[in-house]
Amino acid sequence: YPYVTDVLAQRFGALVIEPEHRYYGTSLPLGPVASFTDEGLRLLTPQQALADAVDLILATQKARNCTERGTPGYCPVVTIGGSYPGWLSAMMRLRYPAVVDIAYAASAPMLFYTQQVDQFAYYQRVTESAERSVSGCADAVRAALAELVALSKDEAIQALDLCTPLPAYLETADDQDFFDELSMIYMYTFAGLNMGNYPPEGSDLQSVCTTMVSSSDDPIGALKSLLHGFASPKPHARHPRNLRPWAQH
């Protein structure tokens, strides 16, 4: 969060700590193999993540000779997050009020984590946002994906111009698992486009939806452009007006 590090922290002379969530990156409690067994994944819970953050906060306060709350040398703690980290931020204050003084939670999916809404409720919002952006977008994407999953795995790899060899887990995946993974990539891509959909006029989401709606004669080609233009790590391919496909082989 650049505003926190570049503005607020500078203004208040604050220390900013950005901890890595367990099981993300290199933070694997049982190593790269055992962490992902059924037994190992029992340690991947929000409660464990909250406890990790508390341990880090207390250790940092001790290392910096912070004193108790209410004394001149006390180091107040503010947690900040958006989306899932926003929920974690709120829970830090709720669960550990003796450690966290203030929590800021932006776009935190509170009802999702209390299981008061359907697990796909967020993607329903993304669908509604895409439809508001360009009428007919949702149906165009559904039709394109339906045509994609009607192909075989090998046909889809060729049609989308995917880099080969695929990651090992996809190389050995059957058609169902392959298309589930591919569908998830499109889900995440549209979720990311929705998060950047402000202002809506001229946004990446509007550009993608315009392409999808106008490509009824070549829906697979539109999906290919979306995949290579917005789900790819190449920074130069993310221009909002550039949906031309590329591939690295």
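Tabulated data
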{"read-out": "Residue in the range 29-48 that is more than 30 Å from GLN119 (Cβ to Cβ) and assigned to a loop (DSSP other than H, G, I, E, B) present", "value": "no"}
{"read-out": "GLN158 being closer than 15 Å to LEU223 by Cα, among the polar types (S, T, N, Q) and either in contact (Cβ under 8 Å) with a residue 60 or more places away in the chain or open to solvent by 30 Å² or more (accessible area, probe 1.4 Å) (or both)", "value": "yes"}
{"read-out": "The range 161-195: number of residues that are among the hydrophobic types (A, V, I, L, M, F, W, C), touching a residue at least 12 places away in the same chain (Cβ under 8 Å), farther than 17 Å from VAL208 by Cα and in a helix (DSSP H, G or I)", "value": "3"}
{"read-out": "The one condition in (1) among the aliphatic types (A, V, I, L, M); (2) within 23 Å of TYR1 (Cβ to Cβ); (3) within 21 Å of the chain's Cα centre (by Cα) that ILE57 fails to fulfil", "value": "(3)"}
{"read-out": "Residue match in the range 85-101 (condition: assigned to a loop (DSSP other than H, G, I, E, B), touching an Asp or Glu at 6+ places or on another chain (Cβ under 7 Å) and open to solvent by less than 30 Å² (accessible area, probe 1.4 Å))", "value": "no"}
{"read-out": "Criterion: farther than 23 Å from HIS21 by Cβ, of a type outside the set (Lys, Arg) and open to solvent by less than 70 Å² (accessible area, probe 1.4 Å) - qualifying residue of ALA105, ALA121, ALA51, ALA130", "value": "ALA130"}
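The values are calculated or read from the model by the stated rules, or taken from the named source; none is laboratory data. Not measured: the values here are computed from a predicted model. Ideal geometry is used to build each Cβ from the backbone, glycine not excepted, and the neighbour counts take in all protein chains shown. All accessible areas refer to the heavy atoms of the entire protein, side chains included, with ligands and DNA or RNA removed. Shrake-Rupley method; radii C 1.70, N 1.55, O 1.52, S 1.80 Å.
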